[in-house]
Every structure is written in structure tokens, then in C-alpha cells.
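Read the figures in this text as sums done on the coordinates, not as results from a lab. Note that the structure is predicted; figures quoted are calculated from it, not measured. Counting neighbours? That spans all protein chains shown, and the Cβs are built from the backbone with ideal geometry, glycine included.
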Amino acid sequence: MPVPPRPPPDGSVDLFWLPLGAGGRCVRVNGRVFEAVAARRAGRPACDLYHSALEVRLGAGRWVIEMAPAWNTREPQRGVVGEGAVGLGWLGRSRWFRYEVRCWEDGRIPDVGEAVESPQRMSADAEHARRVLALAPRFRTATWALDEQHTGDMWNSNSLTSWLLAASGHDMTSIGPPAGGRAPGWDAGLVVASRHLPLGATT
């Protein structure tokens, strides 16, 4: 007798790794220049750079969570739950130097077709999904590319992803970018999350 298929989980959190600048030549070239300089200073080989995003499902609902430039889409219903400056605080008054934290219901991940080793299933339960959705509006919108929180790493889109996963109680011990890659900002999110009790955790 054939085994019936297992029903889909009532909640899930998936991680996507996208090459920095996927779909855009300018960002990709700038990223390579940045990494070449950073690698030379650190005395190591240059790595591929990655940007991360999350897809959260809860019941019949689906949300995309990521940090992106305020100018890269004009879709009015894109789930903006926070904004921050890029480079310098005062520059954030201009849309061209402002980023958005989006928790976008039925949203899309641009250039998801270029994602590497993705999606990675982080959890398959409703509780973790609820925690991530609840935390998204509480993300600290510090200045993109600076280290205002003294973590030793810059604050950017990867900080959002790692902070959400760690603060919502996911096991972060074996999570990282694809082989040969680097995710600037990832450690910053982990450091900030470690300073506070993860949502739902117990002492």
C-alpha cells in the first residue's frame, strides 16, 4: 500500500543566498572591488559575496523578509516595517540613500533564480515562523555599512537575516554562506542577538 504524502508544515522559515548584485552589473562590480580590497587587507583570497533573504510561511500565508534600497521598487504594498540610512545618517533623508526592512506578504525575492544552495529550511513549525514575523518590525535600523553597535562587523541586509534567525531561537551553529563565499554583516546580527534573550527562549 503506497504511503500517503506528508502534509505540508503549518509554518516554515527558509533561507535564501543570492550573489551580491544578482541582476545588476553595477552592484556586482562594486562588490567585487570592495571584496578585493578587504581580502588584500586581511591577507586572504577574495570570496564571492552573498546577500540573504527569508521566506516565511504560516498557515496559508507567505511573507518575504529582506532589507533593500528604498528606490529599487515602487510597489505600494511591499510590507515596509522599518527604514534606515545608507552610509551616513543624514543621507537617509534622501530616498537614494535609504534602505527598507520589508516583511512583504505574498512578496517576491528579486533574482531568486540566481540563488545558490537555496532554499535552506531553517525550521518547519508555526512557532518559529510566528517569532520571525513578530521580530521583523523590531529590527534596529542602524546605518547601513557602519558598525555603530560595536560588533566588529558592518550592519546590512545580512545582519537582518542573522538577527531574525538567532533572536527567534533558530540553531545558528552550522549556518553560513555557500562554500567559498562570505556574507558581510552576518556576524553583526549574531552579536546583537546574543546580547538579548532570544524570543521564546527561557533562562
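Structure values in brief
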{"read-out": "Within the stretch 68-88, tally of residues that are out of contact with any Gly (no Cβ under 8 Å at 6 or more places or on another chain) and either polar (S, T, N, Q) or touching a residue at least 60 places away in the same chain (Cβ under 8 Å) (or both)", "value": "4"}
{"read-out": "Residue satisfying condition, being out of contact with any helix residue (DSSP H, G or I) (no Cβ under 9 Å at 6 or more places or on another chain), touching a residue at least 24 places away in the same chain (Cβ under 8 Å), part of a helix (DSSP H, G or I) and of a type in the set (K, R), within set R130, R121, R108", "value": "R130"}
{"read-out": "Test for D171: is it acidic (D, E) and in a helix (DSSP H, G or I)", "value": "no"}
{"read-out": "Considering residues of the stretch 139-166 that are among the aliphatic types (A, V, I, L, M) and either assigned to a helix (DSSP H, G or I) or touching a helix residue (DSSP H, G or I) at 6+ places or on another chain (Cβ under 7 Å) (or both) only, the residue nearest to A68 (Cα to Cα)", "value": "L160"}
{"read-out": "Complete set of residues in the stretch 174-198 that are among the aliphatic types (A, V, I, L, M), surrounded by 16 or more Cβ atoms within 10 Å (Cβ to Cβ), assigned to a loop (DSSP other than H, G, I, E, B) and out of contact with any strand residue (DSSP E or B) (no Cβ under 6 Å at 6 or more places or on another chain)", "value": "I175"}
